[in-house]
């Protein structure tokens with residue numbers, strides 16, 4: 001029941017945001033024009049309210065704290081759903097904020113989607129491109 005509800009919520013929020021031209025990734029499928037992640041990097045720390053991510057880009061030398069809320073979707077790059085308690089330091093993640101404009105994502109920025117590459121922190125992607133990114 002919980003997974004059905006999460007899938008329904010994921011589909012509903014994807015459709016709602018898609019109407020604004022900001023297409024979030026969905027588990028187990030590639031949607032046309034999926035937006036690039038707001039941030040990509042490794043989790044440095046996990047807290048009850050969110051995660052600190054050290055971005056791959058060199059514009060942010062320090063980790064960025066990202067808020068994970070009840071409506072944040074969490075699933076791996078392979079589509080399996082993830083509980084916030086399963087996130088670990090060292091995992092490679094792609095994060096999409098609640099809006100395309102990071103200045104409007106809140107302080108700290110709120111995550112719409114958190115996608116760990118794998119649940120094993122030693123398992124790292126060979127490319128930093130998110131699954132389905134830019135698919136037409």
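Every number here is computed from the coordinates shown, using simple stated rules; none is lab data. The structure displayed is predicted, hence computed values, not measured ones. Note that we place each Cβ from the backbone using ideal geometry, even for glycine, and neighbour counts take in every protein chain shown.
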Consider residue 130 against the criteria (1) touching a strand residue (DSSP E or B) at 6+ places or on another chain (Cβ under 9 Å); (2) in contact (Cβ under 8 Å) with a residue 60 or more places away in the chain; (3) surrounded by fewer than 20 Cβ atoms within 10 Å (Cβ to Cβ): it satisfies all of them except one. Which criterion is unmet? (3)
Among residues of region 17-27, those that are touching a helix residue (DSSP H, G or I) at 6+ places or on another chain (Cβ under 9 Å) and part of a loop (DSSP other than H, G, I, E, B), counted: 3
Conditions (1) farther than 16 Å from residue 41 by Cα; (2) part of a strand (DSSP E or B) -> residue 107 fails only (2)
Could you go through region 101-112 and let me know if any residue there is within 17 Å of residue 31 (Cβ to Cβ), surrounded by 19 or more Cβ atoms within 10 Å (Cβ to Cβ) and touching a residue at least 60 places away in the same chain (Cβ under 8 Å). yes
